[in-house]
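Peer 1: After the structure tokens below, expect a handful of questions from me.
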Amino acid sequence: MALQYDYYLFDFDGTVADTGEGIRRSVAYSLEKLGRPPLDEAQLDRFIGPPLHDSFVEYCGMTDDEAEEAIRVYRERYVDIGLYESALYPGIAALLQALHRQGAYVAIASAKPTFMLERLAEHFGIQGWLDAISGTGLGRHSADKQDLILSALPEGADLSRACMMGDRRFDIEAAKALGLRAIGADYGYSLPEELAAAGADEVFATVSDMSRWLLGGEAPRGLFITLEGSDGCGKSTQIGLLKDYLIRRGFEPVLTREPGGCPISERIREVILSLDSKGMSPECEALLYAASRVEHVREVIEPALKCGKIVICDRFLDSSIAYQAYGRELGGAFVRQINEPAVRQVFPDLTLLLSVDRAESRRRMAKGAPLDRLEIEREDFFARVQAGFDALAEAEPKRVKRIDASRSIEEVFDEVRAAVDNLLN
Ligand code: TYD
């Protein structure tokens, strides 16, 4: 569906990122250093969003000169420490990315100094989706919000084709005065009723409600990332690191695994992997993996992708190709056919294939949990599994990224992150 507007402007603090902690701590630091009485948490919250100068004057009874000195001391702490005591609101990165991908003009209009906004955009990895970053200089007279909005837009932009998202009345009032559509982000630092009272055209309580509205009823499409590799290749560690990284970048990753991932599929998993199932026919095994996958896709993966989440799955169809088609020698056609009901719905956007040689894999497994029914297979089985993974990497080099996992955790994660960044950007 086509977007409603051409230009999408975002306030930063309280709209794109929760920068509260760094601002609160740095205001408290400044007041303490200047020997001023401390403020409580709710009073400190009011500093988030509006120009600092005005807040020091209004909430601390300072003169203009005293407020400038308070800002100087505030920055002693804020620039190197407080700036990074912040996080993107979950779902914001996917929204910016979706708008950018659909050809919209996306910009930041904030009363924060421009160099800080630029640093934060880079820190959070969102700069590639922004057409402009309009903040203030470091001078005494901070620009008012209307000027910031105008300088965030290209010259001659039709203001009726623009909307401004913000969490404080300053954002809403400035947008309305210029004739932009004013969208209230009520998940930020607004006071009760503040945004409606300021004349917001729409007010949203969550990023996901706002995203759905901005994107014309559709949540941004999620991404499906799978990790594959032979047993003991270190997938779990890398999945944990990737999850933390994506949260830092403002995404909402959903972690899951195969076989398993939902109640029915976890029960199938027990049957497949249990040593009590020794002697199970290869066909039965392949069908059970496929059955567990159908349920898992329907119950977990597809719904999460539909609401714009990034799904990270520990093994997926490629494992069935490597273990059942190659390892059990059932052939690719049969395995693909029985998996059709699952992969008709979803297919990985990116597969990270962590490879270690068999000796290293055995060494790592010896240190871990007791071996399951597949892990006690003979060596020729694992050689065929490895050949299966190699064939997949060769056949689909764009989707399947092979990573040498015999190196340190950090080195492997550098490559994992680079591949995921490449997909996101
Ligand atoms: P698991 O304990 O999850 O192993 P790992 O930590 O190595 O992923 O067990 C899953 C086992 O199931 C693993 O040996 C690979 C195998 N498997 C298949 O044979 N086919 C499949 O389709 C999947 C998903 C897994």
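Peer 1: Please specify each residue of segment 387-407 satisfying the condition of being open to solvent by 50 Å² or more (accessible area, probe 1.4 Å) and not charged (D, E, K, R).
Peer 2: Ala395, Pro397, Ser406, listed by residue number.
Peer 1: Taking segment 364-379 on its own, how many of its residues are away from the ligand (no atom under 14 Å from the Cβ) and either more than 22 Å from Lys278 (Cβ to Cβ) or of a type in the set (Phe, Trp, Tyr) (or both)?
Peer 2: At the first step, the residues of segment 364-379 found to be away from the ligand (no atom under 14 Å from the Cβ) are 379.
If we keep only those that are either more than 22 Å from Lys278 (Cβ to Cβ) or of a type in the set (Phe, Trp, Tyr) (or both) as well, we get none.
Summing the residues that are away from the ligand (no atom under 14 Å from the Cβ) and either more than 22 Å from Lys278 (Cβ to Cβ) or of a type in the set (Phe, Trp, Tyr) (or both) in segment 364-379 gives 0.
Peer 1: Please find, among Ala111, Ala67, Ala98, the residue that is modelled with pLDDT under 95, surrounded by 19 or more Cβ atoms within 10 Å (Cβ to Cβ) and within 20 Å of Asp144 (Cα to Cα).
Peer 2: Values: Ala67 fails: modelled with pLDDT under 95; Ala98 fails: within 20 Å of Asp144 (Cα to Cα).
Going through Ala111, Ala67, Ala98 in turn, just one is modelled with pLDDT under 95, surrounded by 19 or more Cβ atoms within 10 Å (Cβ to Cβ) and within 20 Å of Asp144 (Cα to Cα): Ala111.
Peer 1: Another question about this same structure. Tally up the residues in segment 350-389 that are without any contact (Cβ under 8 Å) to a residue 12 or more places away in the chain and assigned to a helix (DSSP H, G or I), please.
Peer 2: 4
Peer 1: Checking Leu255 against (1) open to solvent by 50 Å² or more (accessible area, probe 1.4 Å); (2) of a type outside the set (Ser, Thr, Tyr); (3) assigned to a helix (DSSP H, G or I); (4) touching a residue at least 40 places away in the same chain (Cβ under 8 Å): exactly one of these is not met. Which one?
Peer 2: So Leu255 meets the others, but not (3).
Peer 1: Criterion first (more than 12 Å from the ligand (Cβ to nearest atom) and not aromatic (Phe, Trp, Tyr)) does Ser355 satisfy it?
Peer 2: Details: more than 12 Å from the ligand (Cβ to nearest atom): yes; not aromatic (Phe, Trp, Tyr): yes.
Judged against the criteria, Ser355 is a match.
Peer 1: For segment 324-341, give me each residue that is within 30 Å of the chain's Cα centre (by Cα) and within 10 Å of the ligand (Cβ to nearest atom).
Peer 2: Step one: of segment 324-341, the residues within 30 Å of the chain's Cα centre (by Cα) are 339-341.
Within segment 324-341, Asn339 is the sole residue that qualifies.
Peer 1: Restricting attention to segment 288-323, and to residues there that are in a strand (DSSP E or B) and more than 8 Å from the ligand (Cβ to nearest atom), which single residue is nearest to Ile268 (Cα to Cα)?
Peer 2: Initial filter on segment 288-323 (in a strand (DSSP E or B)): 310-314.
With the extra rule that they be more than 8 Å from the ligand (Cβ to nearest atom), the set shrinks to 310-313.
On the way: Ile310: 25, Val311: 21, Ile312: 20, Cys313: 17 Å.
Among those that are in a strand (DSSP E or B) and more than 8 Å from the ligand (Cβ to nearest atom), it is Cys313.
Peer 1: Being of a type outside the set (Gly, Ala, Ser) and free of Cβ contacts under 8 Å to residues at least 40 places away in the same chain is the filter here; which residues of segment 260-279 pass it? So that I can check it myself, show each step before the final result.
Peer 2: Narrowing segment 260-279 to residues of a type outside the set (Gly, Ala, Ser): 262-264, 266-273, 275-276, 278.
Correct list: Cys262, Pro263, Ile264, Glu266, Arg267, Ile268, Arg269, Glu270, Val271, Asp276.
The values are calculated or read from the model by the stated rules, or taken from the named source; none is laboratory data. Keep in mind it's a predicted model, so treat the numbers as computed, not measured. A quick note on method: Cβ atoms are made from the backbone with ideal geometry, for glycine too, and the neighbour counts reach across all protein chains shown. Heads up: the accessible areas ignore ligands, DNA and RNA and are worked out on the full protein's heavy atoms, side chains in. Shrake-Rupley method; radii C 1.70, N 1.55, O 1.52, S 1.80 Å.
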